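K.L.:
Handing you this structure, nothing more for now.
Values quoted throughout were computed directly from the atomic coordinates according to the rules given, and no laboratory measurement underlies them. The structure presented is a predicted model; accordingly, all values stated were derived computationally and were not measured. With ideal geometry, Cβ positions are generated from the backbone for all residues, glycine too; neighbour counts draw on all protein chains shown.
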């Protein structure tokens with residue numbers, strides 16, 4: 001992987017999902033690459049969403065101490081984009097132009113703010129370009 005890329009929350013969630021080994025393995029590859037090569041980025045929103053899902057919706061929810069450890073070791077080193085008025089304005093523009101929900105638009109806005117070339121997400125439209133950002137579903141098999 002070349003260049004900077006943004007990782008959406010679902011990628012982190014899949015690392016804990018044993019029901020789909022392909023998605024789990026691909027997610028682990030993306031996160032490992034991000035940490036080892038300092039090219040992957042997330043925002044405060046990804047941290048909030050992950051903690052909410054992992055402590056409430058996992059089959060075996062993470063304990064507070066496990067969540068703290070994951071935050072320290074995995075999420076915090078990748079977090080480069082934080083909340084701000086500029087981010088909200090850009091998200092509203094994206095929402096209007098590309099018809100994404102507000103929260104999806106915040107993710108896209110954060111990826112743009114971080115100057116990423118790629119946004120990895122299963123939840124957004126694969127192969128869509130938003131300015132210089134390509135949205136890629138990393139679970140779609142290449143021919």
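K.L.:
Based on the alpha carbons, how large is the Rg to Rh ratio for the range 4-107 when Rh follows Kirkwood?
P.N.:
Ratio of gyration radius to Kirkwood radius for the range 4-107: 0.99.
K.L.:
Here's something else I'd like to know. Helix-only mean residue ellipticity at 222 nm, the chain, DSSP H runs n ≥ 4 weighted -39,500 (n - 2.57), per residue, nearest 500. What is it?
P.N.:
Values: 6 runs with 69 residues, N = 143.
It comes out at -15000 deg cm²/dmol, rounded to the nearest 500.
K.L.:
Shifting gears a bit: Expressed in nm to one decimal, what extension gain is obtained for the pair residue 103 and residue 131 from 0.36 nm per residue of sequence separation less their Cα-Cα distance?
P.N.:
Between residue 103 and residue 131, full extension yields 8.3 nm more.
K.L.:
Moving on. Which residues among the range 44-76 fall inside the zone where the amide N is under 14 Å from a point 7 Å beyond the Cα of residue 24, along Cα→Cβ?
P.N.:
It comes to 59-60, nothing else.
K.L.:
I've got another one for you. Which one, 129, 23, 56, has the greatest fluctuation when you compute a Gaussian network model over the chain with C-alpha springs under 10 angstrom?
P.N.:
Greatest mean-square fluctuation among the candidates belongs to 56.
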